[in-house]
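What follows is a set of notes on a single structure, which appears directly below.
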Amino acid sequence: MKSVLFRPTGRFNELGQEIKDPVFLSNRHTSGKSIFLNGDAANGLDTRYNAAASGPENATGYQILIDTMTYIKQQESRQTYYELGSFGLKPSDFVPIAVGDGSWSSNILTRRVYQNAGDFEAGLIRQGSNNARVTNTDVSMDSVVLPTFIWENGVQYTLAEIEQALVASNWDIIASKHAARNKMYQLGIQAITFLGSKSGSMEGLLINTKTNVNTSFIAAPINGLNAAGFQTFVSGLISAYWTNTNSTVLPNRFVIPMTDYLGLMTLVPGTAGTFPVPMLTYLENAFKQLCGPEFKLIGNAYCDASNSNALRGVNKFTYALYRHEAEALRMDIPVDFTVTQPNSLDNFHFQDVAYSQLTGVGFYKPLETLLFQYNG
């Protein structure tokens, strides 16, 4: 039996009552279900869009109120997140990541070798004299051990969900669930790379207990410095790093808060009317001249106080100056993101599990990473 929907027309009769046109709906429109509350036309239309009775703009269930003039597009609009890929970047551009090495191990040990050679000039000899003792070179070793953590997350769906999603709008709920899980994994790895884990069991580039933190050199956004402050910053930044490494190496990465980075296209203070260039251009050129052509200055939202506070309770702006080398710091993913074959015991309920194994960021030469922080 066909259901009838009385559609408002916007016209009124002589009694002031709105004229409604009957629209007959077949089972193809209603999926064999009644469009009335409890199947009784006297109760009115069933306009429950979801459990919270949301309107059509924010309904999250299958059942959304439409009329005969509504066309359902197959194109989807999905949530937007802060993703490094949107800026042509990936976590490995910030921290070297080793994938597939040491799968299923409980810990990953990395040896550090030290030279114990003594004084070079002690090896100088004089011919014709009795050199009773020959100087020797020796080495010693210690190690850094990072624990590994196994991550898993399941996806479940039923035959009924699949069929209802197809009837409602030809929506592939299985693909959407898998895509959502994959996105969660990518965002999770991204956050741990910079901020570590919420429990502190895994450390990140910006939140860790291994590297030195300078809380005095940078006390405000770089893009707001005046001419004298900007000159002090440029002349002192690399020098501070050089001192931190005991005068051994220069950095090749400078990661700064995104809010500061977006303001660096303002002109270098004090250059108006002479040879004005954006602060970003000046800094990149200056630091490449000092540290080499591979030096990169990159903005990152995890460095902003609001984001680090929301995700980890650390209300600080953080700047990271370091060497991007696997011998200096590294994150391991022994088992990359993997999905098991979907399975069912009754051919009605289906499930599969995605899993991975990972570590936090290990600092094997912690003096080659220097953080700068000030309160948000």
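With 0.36 nm allotted per residue and the present C-alpha distance subtracted, the Ser344-Thr137 stretch has 68.1 nm of extension available. Label zone (Val277, point 7 Å along Cα-to-C-beta; backbone nitrogen cut-off 12 Å) within region 247-271: 268. Applying a DSSP loop filter and a limit of 11 other Cβ atoms within 10 Å to the trypsin sites (Lys or Arg not before Pro) in region 74-118 leaves Arg78.
Of the heavy-atom accessible surface of region 216-370 (probe 1.4 angstrom), what whole percent is carbon and sulfur?
57 percent
Once you reduce region 175-219 and region 271-292 to the center of their Cα atoms, the two points are 31 Å from each other. Surface analysis of region 284-362 yields an accessible area of 45 Å² per residue, using protein heavy atoms and a 1.4 Å probe. A protection proxy built from the mean count of other Cβ atoms within 10 Å ranks the segments 135-143, 242-250, 198-206, 79-87, most packed first, as 198-206, 242-250, 79-87, 135-143.
Averaging the Cα positions of each part gives two centres, and for region 335-369 and region 79-139 these lie 29 Å apart. If you plug the beta carbon distance of Ser235 and Val145 into 1/(1 + (r/R0)^6) with R0 = 41 Å, you get a FRET efficiency near 0.55.
Distant-in-sequence amide contacts of Gly204, defined by a placed amide H-H separation under 5 Å and a gap of 5 or more residues or a different chain, comprise Gly196, Val361. The phi torsions of region 197-203, fed into the Karplus equation with coefficients 6.51, -1.76 and 1.60 and a -60° offset, translate into couplings of 8, 4, 6, x, 6, 10, 9 Hz, rounded to whole numbers, with Gly and Pro shown as x. What is region 128-281 by shape, rounded, prolate or oblate, if you read a ≥ b ≥ c off the alpha carbon gyration tensor as root eigenvalues and call it rounded for a/c under 1.5, prolate for a/b larger than b/c, and oblate otherwise? Taking the square roots of the gyration eigenvalues as a ≥ b ≥ c, region 128-281 is oblate. For the residue pairs Lys210/Lys316; Lys198/Lys316; Lys183/Lys365; Lys177/Lys198; Lys90/Lys296, the alpha carbons lie more than 21 Å apart in Lys183/Lys365; Lys177/Lys198. According to the square roots a ≥ b ≥ c of the eigenvalues of the Cα gyration tensor, what is the shape class of region 265-376, taking rounded for a/c under 1.5, prolate for a/b larger than b/c otherwise, and oblate for the remainder? Prolate. Around the amide H of Gly376, modelled in the peptide plane, lie the amide H atoms of Lys316, Phe317, all under 5 Å away and 5 or more residues distant in sequence or on another chain.
Suppose R0 equals 45 Å; then what is the FRET efficiency for Ser77 and Ala286 from their Cβ-Cβ distance, rounded to the nearest 0.05?
0.60
Placing a pseudo-label 7 Å from each Cα along the Cα-to-Cβ vector at Val99 and Lys198 gives an inter-label distance of 2.7 nm.
The values are calculated or read from the model by the stated rules, or taken from the named source; none is laboratory data. Note that the coordinates shown come from a computational prediction; the quantities given were computed from them, not determined experimentally. Every residue, glycine as well, gets a Cβ built from its backbone with ideal geometry; the counts of neighbours run over all protein chains shown. Areas reflect the complete protein model, heavy atoms only, side chains present, ligands, DNA and RNA absent. Shrake-Rupley method; radii C 1.70, N 1.55, O 1.52, S 1.80 Å.
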